[in-house]
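*Asks:* Dumping the structure here so I can ask a few things about it.
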Amino acid sequence: MAEERSLNFIEEIIEKDIADGVNAGRIQTRFPPEPNGYLHIGHAKSICLNFGLAKKYNGKCNLRFDDTNPTTEETEYVESIKKDIEWLGFKWDNELYASDYFEKIYDFAVSLIKKGCAYVDDSTAEEIAATKGSTIQPGKNSPFRDRSIEENLRLFEEMRDGKYEDGAKVLRAKIDMAHANLLLRDPVIYRIKHAHHHRTGDKWCLYPLYDFAHGQSDSIEEITHSICTLEFIHHRPLYNWFIEQLGIFPSKQYEFARLNLTYTVMSKRKLLKLVNEGYVSSWDDPRMPTLSGMRRRGYPPEAIRNLCDTVGVAKRENMIDLSLLEFCVREHLNKVTDRVMAVLDPVKLVITNYEETGDVFEIENNPETPNGTRSVPFSKELWIEREDFMEDAPKKFFRLTPGNMVRLKGAYIVKCEGCNKDEHGNVTEVLCTYLPESKSGNDTSGLTVKGTIHWISVAHARTAEVRNYDRLFKVEDPSSEEGDFKEYINPEALQILPSVYIEPSLMKAKPGECYQFMRKGYYCVDTDSTSDKIIFNRTVTLKDTWAKETRKN
RNA sequence: AGUCCGAUGGUGUAACGGUAGCACCACAGUUUUUGGUACUGUUUGUCUAGGUUCGAAUCCUGGUCGGACUACCA
């Protein structure tokens, strides 16, 4: 019954390659993060693509850490990246590191020198930048460009042996200082860094740059389809040039447009600022677009995978509506979460004609995916939402207003008789009478009411902290606005309710578990919860057409 | 300014020379013991000017607009 789905452009390339017998139909991809930060929703698209393609075409997908810059990379990031990928639901075939190939990559450089295709340059970084030229001006040859092969070989070995300070010399590929593509103007491929590497320790003081590590690693692993984002498109000619000069496995690079989301930022630099300057509490703050933040927020991995699947793969710049992510989240949570009652902004409801009989109602947990029932104690005094009562209500208000009837979810129909107020005119108690014959399950009243509201028995209520999260920014694209992006942070992205009433059944809730608070939203138990204090994070609200209606007026 | 990439409703994505479709959003309705869910329907689109063709979103040319590139980061 699978719907016929059109292929994205990478799938088309792969299917053509398989049909043409390229690499005997073998498909090998890789996900190549640099372990210098946390993964975000943008990485999820790349992960779903690379692992998804391998799965679809009976291929393999490696996890390869592009760890060629020892000053920014740490083992802590390696661990978080692995955890996030596993959480998303993918398994890599091999866990590999570019640093495992340092010896091989060094040998590649030597062979390039021997071919006369690389030279040691003593110029400073400033000098190299100054002679690079510009988009409209050719660059100038370095005075060290014509050193002999023997001298280059000797100097490069000395660089490896630690004879020189950081920055004293670099190795450059000898290509064309007038090339229209700036990356082909004798790119630096090795630099000296006397720095401790998270895996190779102090063994090396010479490290390859991205362009002389990434493609080489792809070749070593015999990656057939090396998929990256659009900004690497200019690197492809260089990627291919090295493969050709070195005569190594011809991996092919393909580029797709990265994922952008409205109401957030994705750049590592900006996310780092949010953390360092205290706008959010940490990398896994539920407001963050990081995978760890989304996990803590309660976004299920199924929803993220579904989002990535839905947005597709193409080469044009895009900006995905946050509402699409929220749709995916609700779609999944609706199927799997148990419904429970929690009163976030309470006011007391008194059922004046109710004699305490010890009613306990069995209420179904999930009308979508039947999952049993739970016991919910009832009594004469209940907490209800303050917004569910209005003394002077508009026409289409289906909740409590004098003379109107509503059903208390899973219990009785009650009729609103009025309210009590304090000296300031604030409602302190809503007064109702109930209809004994309207008992849920064997209702003989013959009445139908338009509204159903949730409630918590005052005598049985427990409390929890609730953290209501909302979008991190007030504008769709903070990065394109005037001034500092931080000016557009939404100050209401986190609202903490220290003590909300929850039904007793929730006392057993464990960190990470998700529930639907009826009529309010999806909530998950935060990892900050302790045995005597449960904390719920709002993952996403329910759609609220009534709120929309009131906003219109 | 140069090189490269791109342009289909508000958003994202299909249509591979032959009926512009799907999803989200928005709006309206039906069902509902969640103003949720489910279901039905509605509005809205091929950047522009030429050309090729019986026929162009698709092919060609020019323009316009958007993005990327001038790190010893990846």
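*Asks:* Could you pull out every one of the strands (runs of 3 or more DSSP E) wholly within segment A:50-124 that has 2 or more residues that are closer than 22 Å to A:N306 by Cα and touching a residue at least 24 places away in the same chain (Cβ under 8 Å)?
*Replies:* Details: elements: A:60-65, A:95-97, A:118-121.
Ranges flagged: A:60-65.
*Asks:* Going by the conditions given, is A:S148 within 10 Å of RNA strand B (Cβ to nearest atom) and surrounded by fewer than 17 Cβ atoms within 10 Å (Cβ to Cβ)? Break it down into steps so the answer makes sense when it comes.
*Replies:* On the way: within 10 Å of RNA strand B (Cβ to nearest atom): no; surrounded by fewer than 17 Cβ atoms within 10 Å (Cβ to Cβ): yes.
Criteria not met by A:S148.
*Asks:* Moving to a separate point now. Out of the residues in segment A:201-241 meeting the condition of being small (G, A, S) and more than 14 Å from RNA strand B (Cβ to nearest atom), tell me which one is surrounded by the most Cβ atoms within 10 Å (Cβ to Cβ).
*Replies:* As a first pass, look at segment A:201-241 and keep what is small (G, A, S): A:201, A:213, A:215, A:217, A:219, A:226.
Remaining after also requiring more than 14 Å from RNA strand B (Cβ to nearest atom): A:201, A:219.
Values: A:G201: 9, A:S219: 22.
If we take residues in segment A:201-241 being small (G, A, S) and more than 14 Å from RNA strand B (Cβ to nearest atom), then A:S219 is surrounded by the most Cβ atoms within 10 Å (Cβ to Cβ).
*Asks:* Among the residues of segment A:299-327, how many are within 8 Å of RNA strand B (Cβ to nearest atom) and either among the aromatic types (F, W, Y) or over 27 Å from A:E385 (Cβ atoms) (or both)? Even if it seems obvious, please write down each step before you answer.
*Replies:* To start, the set of residues in segment A:299-327 that are within 8 Å of RNA strand B (Cβ to nearest atom) comprises A:310-321, A:323-324, A:326-327.
Adding the requirement that they be either among the aromatic types (F, W, Y) or over 27 Å from A:E385 (Cβ atoms) (or both) leaves A:310-321, A:324, A:327.
Residues meeting the conditions: 14.
*Asks:* Which condition number does A:W283 fail, the rest of (1) assigned to a helix (DSSP H, G or I); (2) under 16 Å from the mean Cα position of the chain (by Cα); (3) away from RNA strand B (no atom under 15 Å from the Cβ) being met?
*Replies:* (1)
*Asks:* Take A:F389 and decide whether it is within 13 Å of A:A411 (Cβ to Cβ), within 15 Å of RNA strand B (Cβ to nearest atom) and in contact (Cβ under 8 Å) with a residue 40 or more places away in the chain. So that I can check it myself, show each step before the final result.
*Replies:* Numbers: within 13 Å of A:A411 (Cβ to Cβ): no; within 15 Å of RNA strand B (Cβ to nearest atom): yes; in contact (Cβ under 8 Å) with a residue 40 or more places away in the chain: yes.
When the stated conditions are applied, A:F389 does not pass them.
*Asks:* Another question, then. Would you call A:F473 among the hydrophobic types (A, V, I, L, M, F, W, C) and either more than 14 Å from RNA strand B (Cβ to nearest atom) or in contact with a His (Cβ under 7 Å, 6 or more places away or on another chain) (or both)?
*Replies:* On the way: among the hydrophobic types (A, V, I, L, M, F, W, C): yes; either more than 14 Å from RNA strand B (Cβ to nearest atom) or in contact with a His (Cβ under 7 Å, 6 or more places away or on another chain) (or both): yes.
Answer is yes for this residue.
*Asks:* For segment A:1-46, how many residues meet the condition of being of a type in the set (S, T, N, Q), in contact with a Gly (Cβ under 7 Å, 6 or more places away or on another chain) and in a loop (DSSP other than H, G, I, E, B)?
*Replies:* The initial filter retains those residues of segment A:1-46 that are of a type in the set (S, T, N, Q), namely A:6, A:8, A:23, A:28-29, A:36, A:46.
In the following step, the residues that additionally are in contact with a Gly (Cβ under 7 Å, 6 or more places away or on another chain) were identified as A:8, A:28-29.
Imposing the further condition that a residue be in a loop (DSSP other than H, G, I, E, B) reduces the set to A:8.
The number of residues fulfilling the criteria is 1.
*Asks:* It is to be established whether one or more residues within segment A:122-136 are more than 15 Å from RNA strand B (Cβ to nearest atom) and of a type outside the set (F, W, Y).
*Replies:* Initial filter on segment A:122-136 (more than 15 Å from RNA strand B (Cβ to nearest atom)): none.
Within segment A:122-136, none of the residues are more than 15 Å from RNA strand B (Cβ to nearest atom) and of a type outside the set (F, W, Y).
*Asks:* Limited to segment A:47-99, what total is found for residues that are at negative phi, small (G, A, S) and under 20 Å from the mean Cα position of the chain (by Cα)?
*Replies:* First, the residues of segment A:47-99 that are at negative phi: A:47-57, A:59-88, A:90-99.
Cutting the leftovers down to small (G, A, S) gives us A:52, A:54, A:59, A:80, A:98-99.
Pick out the ones that are also under 20 Å from the mean Cα position of the chain (by Cα) and you get A:52, A:80.
Result for segment A:47-99: 2.
Laboratory data are not the source of any read-out in this text; all were calculated from the coordinates shown. Computed from a predicted model, the values in this text were never measured in an experiment. Ideal geometry is used to build each Cβ from the backbone, glycine not excepted, and the neighbour counts take in all protein chains shown.
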